[in-house]
Amino acid sequence: MLVLMDIDQTMLASRNSGLRSMVAAGTSLFGEGFHAEGVSVSGRIDPLLVAEILTLNSIEPAPETVAAFRRRYAETFEAGIGQDIEVWSLPGVTELLAAIEREADLTLGVLTGNFEETGTLKLNASGIGIDRFVVRVWGDDSPHEVPHRDHLPGVAIARYRDAVRRDVEAGDVLVVGDTVHDVRCAQAHDCRSLAVATGHTSAEDLRASAADLVVDDLTDTEGLMQWITRKVRA
């Protein structure tokens, strides 16, 4: 079974440091007045988020512009770690990840809207670390010209097959996230979903999205592992 963990507000928090770093990067590249007012980041993938922010500032999101912005964003975020950027793991996360790693039938993966470089910085700064994730799928990994989060579980399944040299059924793939976007991307591939209300989406709204399980946080390691592994042990 493949367990795919979202990053922001699922495994860790950083007081919206990603968006703040994007605005700082845009200001350094394009000048004062660069902003992201009214932009929602919850559950978004970075390629679409960057394009929206650039367009909001009347900047054409041409490939070379996006690439330059992405580099500056990563540089800005890295420089801020330990200074104005604090990243920490959310309650129960380290215990749950360790429990998943102890199960021979489970493979741990990350599925996130983050770019690889900034997602890696967040995971490492939080103490969770990137190396424990066998499968890694990032926000710009969609194989389609117009990217969408719904495309990412299919990428994860393909990478799982390449990594462990065996197949996995969609029902044996679990997406863990804090938004309805995480739930819907799982549903798009007939995967299971575990929604955690540690982000900006209420438990009520997560239940309305028809997630397979909704919890307030990830602190009940034993209960969550029983639920996660029930099909593996069936």
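Things to note:
- In the stretch 98-105 there is at least one residue matching the filter, namely being under 29 Å from residue 135 (Cβ atoms), part of a loop (DSSP other than H, G, I, E, B), of a type in the set (A, V, I, L, M, F, W, C) and in the same structural domain as residue 147 (by TED's automatic domain parsing).
- Test: residue 65 is hydroxyl-bearing (Ser, Thr, Tyr) and outside any loop (DSSP other than H, G, I, E, B): yes
- All positions within the stretch 76-86 that are assigned to a helix (DSSP H, G or I), over 20 Å from the mean Cα position of the chain (by Cα) and acidic (Asp, Glu): none
- Single unsatisfied condition, residue 12 versus (1) buried (at least 18 other Cβ atoms within 10 Å of the Cβ); (2) touching a Ser or Thr at 6+ places or on another chain (Cβ under 8 Å); (3) more than 30 Å from residue 226 (Cβ to Cβ): (3)
- Exclusive hit being of a type in the set (Ser, Thr, Tyr) and crowded, with 17+ Cβ neighbours inside 10 Å, set 209, 202: 209
- Within the stretch 113-158, the set of residues being polar (S, T, N, Q) and within 19 Å of residue 190 (Cα to Cα) comprises just one member, 142.
- For the stretch 192-205, the tally of residues that are without any contact (Cβ under 8 Å) to a residue 60 or more places away in the chain and touching a helix residue (DSSP H, G or I) at 6+ places or on another chain (Cβ under 7 Å) stands at 5.
- The set of residues in the stretch 39-48 being part of a loop (DSSP other than H, G, I, E, B) and either outside the structural domain of residue 65 (by TED's automatic domain parsing) or in contact (Cβ under 8 Å) with a residue 12 or more places away in the chain (or both) consists of 39, 41, 42, 43, 44, 45.
- If you go through the stretch 111-147 and pick out every residue that is of a type in the set (A, V, I, L, M, F, W, C) and modelled with pLDDT under 95, you end up with 1.
- Selection within the stretch 90-104 - in contact (Cβ under 8 Å) with a residue 12 or more places away in the chain and either within 18 Å of residue 175 (Cα to Cα) or among the aromatic types (Phe, Trp, Tyr) (or both): 90, 92, 93, 94, 95, 96, 97, 99, 100, 101, 103
- For the stretch 106-122, a tally of residues being out of contact with any Asp or Glu (no Cβ under 9 Å at 6 or more places or on another chain) and not in a strand (DSSP E or B) returns 2.
- Looking across 181, 144, 151, one residue alone is assigned by TED's automatic domain parsing to the domain that holds residue 210, out of contact with any Cys (no Cβ under 9 Å at 6 or more places or on another chain) and surrounded by 17 or more Cβ atoms within 10 Å (Cβ to Cβ). It is 181.
- The residues of the stretch 60-78 that are buried (at least 19 other Cβ atoms within 10 Å of the Cβ) and either of a type in the set (S, T, N, Q) or in contact (Cβ under 8 Å) with a residue 60 or more places away in the chain (or both), listed by number, are 76, 77.
- Restricting the stretch 216-230 to residues that are under 14 Å from residue 174 (Cα atoms) and surrounded by fewer than 14 Cβ atoms within 10 Å (Cβ to Cβ), the residue that is modelled with the highest pLDDT: 226
The values are calculated or read from the model by the stated rules, or taken from the named source; none is laboratory data. Quick caveat, the model's predicted, so the values are computed rather than measured. Glycine also receives a Cβ, built like all others from the backbone with ideal geometry; neighbour counts cover every protein chain displayed.
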